[in-house]
Each structure stands twice: as structure tokens, then as C-alpha cells.
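Following: one structure in C-alpha cells, then a few remarks.
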Amino acid sequence: MGRAINKTDNCGVKSRTGHNIEQHQATDGLVNLLTKANHDLTVVQHRLEKEFQQVYRDNENPMKLVFRIKKVQEDLLTLKEQCRELLKAKQDVIDKARTTLVGNRTLLQQMQASMGITLISDSDDPAFANFNQIVDEWEAQVRLRTGNW
């Protein structure tokens, strides 16, 4: 036969396992209450869905509209985060391109100077001037949108 567990009245006396019986019963009661509340809410949800299906056309159903609005809100948050990541990646590309281009241009000018070749100024180099203009426009847009710099 199984071993008997020392259970006493609900005065907080511990069983052989060392657990407080009163706490277990209170926890069980709370779990049961929450389970019943969840079930009741599910029943209400299904009744509302059924009622709304009978009263409203599919594209006018308030429950479906609320669901669609929540979905759009979630999608907007995701899109916003993806845009931030894209802007950060674009800024990284611009920063690396500028560093590489300026570094290469400096090396080229040093080689030209060592060979006695006339140096082209930044303003006389259309490719370099165009690159700087694009970067300046990008930074101006970022400043307007973020208020930084």
C-alpha cells in the first residue's frame, strides 16, 4: 500500500514533503479561478465573433477591423525598425566609402607630388566633388530628420 502523507487542517501545517498545504490549496484555487476566467473570456469572444458575423459584412466586422489595425501597427513597428537598420547600414557604407576614397585620393596626391605631377584640387576633380555633394546632401537629410549634428 502507498505511504500516507501527513495532512492536517488548513492552518499552514507542512506535509511530510515540507510543502505548505495551505499555500498549495491557495495556489490551486488561483489557478482554477484564472482558468475559469480564461474560459469565460473565450466564450465571450466566440459569442461576439458570431454576433458580429451575423450583423456586419466581413469587411465591416469590428473584431476583424481591430485585428487588422493591430496587425498594421505591428507591421509598422517592424518596418520602422528595418528602416533604422537600413539607414544605419547606409551610413556605414557612406562612412567607409568616404574613408577609402579620401585615403586613396591622399595616396594618389602623394604619388603625384613625388613624381612632380601637377595636383588636381578637390574642386577641379568632378568625381570627387560629386561624391562630396552626395554625402553632404545625405548628411543634411539625416540632420533634418533626426535633429542631430
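The values are calculated or read from the model by the stated rules, or taken from the named source; none is laboratory data. Note that the structure is a prediction, hence the values are computed from the model and not measured. Note that we place each Cβ from the backbone using ideal geometry, even for glycine, and neighbour counts take in every protein chain shown.
Filtering the stretch 74-124 to residues that are among the acidic types (Asp, Glu) and either at pLDDT 90 or above or exposed (fewer than 11 other Cβ atoms within 10 Å of the Cβ) (or both) leaves Glu74, Asp75, Glu81, Glu85, Asp92, Asp95, Asp124.
Residues satisfying the criterion are present in the stretch 94-108 (criterion: within 26 Å of the chain's Cα centre (by Cα) and in a helix (DSSP H, G or I)). Within the stretch 109-128, track down each residue that is over 27 Å from Arg143 (Cα atoms) and in a helix (DSSP H, G or I). Listed by number, the residues that qualify are Gln109, Gln110, Met111, Gln112, Ala113, Ser114, Met115, Asp124. Asn59 fulfils the conditions (1) surrounded by 11 or more Cβ atoms within 10 Å (Cβ to Cβ); (2) free of Cβ contacts under 8 Å to residues at least 40 places away in the same chain except for a single criterion, (1).
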